[in-house]
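Trainee: After the structure tokens below, expect a handful of questions from me.
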Amino acid sequence: MATEKKIVLVTGGSGLVGNGIRLAMKERPHLQRDDEEWIFLSSKDADLMDKQATLGLFEKLKPTYVIHLAALVGGLFRNLKYNLDFYRNNTIINDNVLHACKEFGVKKLVSCLSTCIFPDKTTYPIDETMVHNGPPHDSNFGYSFAKRMIDVLNRAYHKQHGCNFTAVIPTNVFGPYDNFNLEDGHVLPGLIHKVYKAKKEGSDFTVWGTGSPLRQFIYSLDLGELMIWTLRSYPEIDPIILSVGEEDEVSIKQAAEMVVEAMDFKGNVVYDTSKSDGQHKKTASNAKLRKYCPDFKFTDTRTAIKDTVDWFEKNIETVRF
Ligand code: NAP
Ligand code: GFB
């Protein structure tokens, strides 16, 4: 008798990280498993802000495992404008999803925090023990506190009901199916969008801020592979940082230069220092990840940016602008 397939539900599966998981599974065959059925959701399947709709979705799909990605997400400039929405929307979505996972006996849940939620005043490198050690950077306090409550919920569901709920802490993610909208998106898709426009219009390429802030960028397919590993093999309730090493940290200026090279841009690059730099750095340690996955190889950032640019140019008609 054929064994029942395990249903893996990915909330927020239609976004950057969800597609990273989907593409990793498709392009890296060693990740494929016959006894798993993966379902990638979007808000069209259910508005997870709605408790009854969330319960109805879980009733219908009866997931064995859940990767919870669905969230109101944005770069620095969207966060600066909408801290209340980032707090409320994400707190409501997270409470509905974690409650449904418990009600429907989900065997394991992996949610998402972010390296931008750590205390603003901190020592470096940041590690998983520091999540609650002080207030986050003011630019995204709403999003940060909502994300920190996922860690609190995971521990409370485990302590009171024995639920196997954990979380990953990705650094800045980029890749295919990102949000390239200039006001709402993150830096790398923003830079790609702006070089595309500068080439088309013969104008300058304007990088916002001074270019001096430092970031660790993870390619969405690498994150996707590591999230599949987390679901299948990571044993802890405490969160785990999923990031390239400290030595792979680059400045926004260096990131802009990689985008210029990937898009063969020959025009002027200017810096609009009237725009915020946001957090100067959030250097995270991936020592815990390295302890579990010593041999994992990250895609070289330059190569990953080129692959993302190629995807962007090929899908220009359907890109999220
Ligand atoms: P994204 O591309 O904006 O995708 C967001 C996903 O959430 C989409 O599938 C969206 O569905 C869904 N969603 C939003 N509101 C919803 C609602 N009310 N009901 C149901 N679904 C809803 O975001 P992402 O970059 O993939 O982020 C995924 C997760 O990774 C988030 O939890 C984020 O906090 C975390 N993360 C991201 C980064 C990064 O740099 N991008 C870094 C660290 C952590 P629609 O497509 O229908 O709108
Ligand atoms: O990805 P980003 O928007 O967010 O990066 P954070 C912002 C940095 O890139 C700032 C510079 O230093 C900006 O001045 N930058 C330069 C640009 N050009 C651009 C551009 O065209 N678009 C954007 N967006 N930035 C976010 C958090 O912080 O990190 C979120 O606010 C989330 O909550 C995300 O966690 C992962 O890396 O600064």
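Trainee: Within region 125-175, which residues are of a type in the set (Gly, Ala, Ser), within 21 Å of HIS99 (Cα to Cα) and part of a loop (DSSP other than H, G, I, E, B)?
Mentor: GLY162
Trainee: For SER144, state whether it is without any contact (Cβ under 8 Å) to a residue 40 or more places away in the chain, under 23 Å from PRO189 (Cβ atoms) and in contact with a Ser or Thr (Cβ under 9 Å, 6 or more places away or on another chain).
Mentor: yes
Trainee: If you go through region 136-184, how many residues are charged (D, E, K, R) and away from ligand 2 (no atom under 13 Å from the Cβ)?
Mentor: Number of matching residues: 3.
Trainee: Sticking with this structure for a sec: Pull up region 64-89, narrow it to residues that are more than 16 Å from ALA46 (Cβ to Cβ) and of a type in the set (S, T, N, Q), then point me to the one that is farthest from ligand 2 (Cβ to nearest atom).
Mentor: THR64
Trainee: Being within 29 Å of ASP310 (Cα to Cα), of a type outside the set (Val, Ile, Thr) and surrounded by fewer than 16 Cβ atoms within 10 Å (Cβ to Cβ) is the filter here, so list the residues in region 264-275 that pass it.
Mentor: ASP264, LYS266, GLY267, ASN268, ASP272, LYS275
Trainee: Just for region 46-98: of the residues that are closer than 30 Å to HIS280 by Cα and in a loop (DSSP other than H, G, I, E, B), which one is farthest from ligand 1 (Cβ to nearest atom)?
Mentor: Only one residue fits best here, namely TYR82.
Trainee: Are any residues in region 26-42 part of a loop (DSSP other than H, G, I, E, B) and out of contact with any Ser or Thr (no Cβ under 8 Å at 6 or more places or on another chain), and if so, which ones?
Mentor: Within region 26-42, ARG28, GLN32, ARG33, ASP34 qualify.
Residue-by-condition table, conditions (1) within 17 Å of TRP311 (Cβ to Cβ); (2) charged (D, E, K, R); (3) away from ligand 1 (no atom under 13 Å from the Cβ):
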residue	(1), (2), (3)
GLY185	yes, no, no
VAL195	yes, no, yes
LEU214	no, no, yes
LEU223	yes, no, no
MET227	no, no, no
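Each value in this text was obtained by applying a stated rule to the coordinates, not by laboratory testing. Note that the structure is predicted; figures quoted are calculated from it, not measured. With ideal geometry, Cβ positions are generated from the backbone for all residues, glycine too; neighbour counts draw on all protein chains shown.
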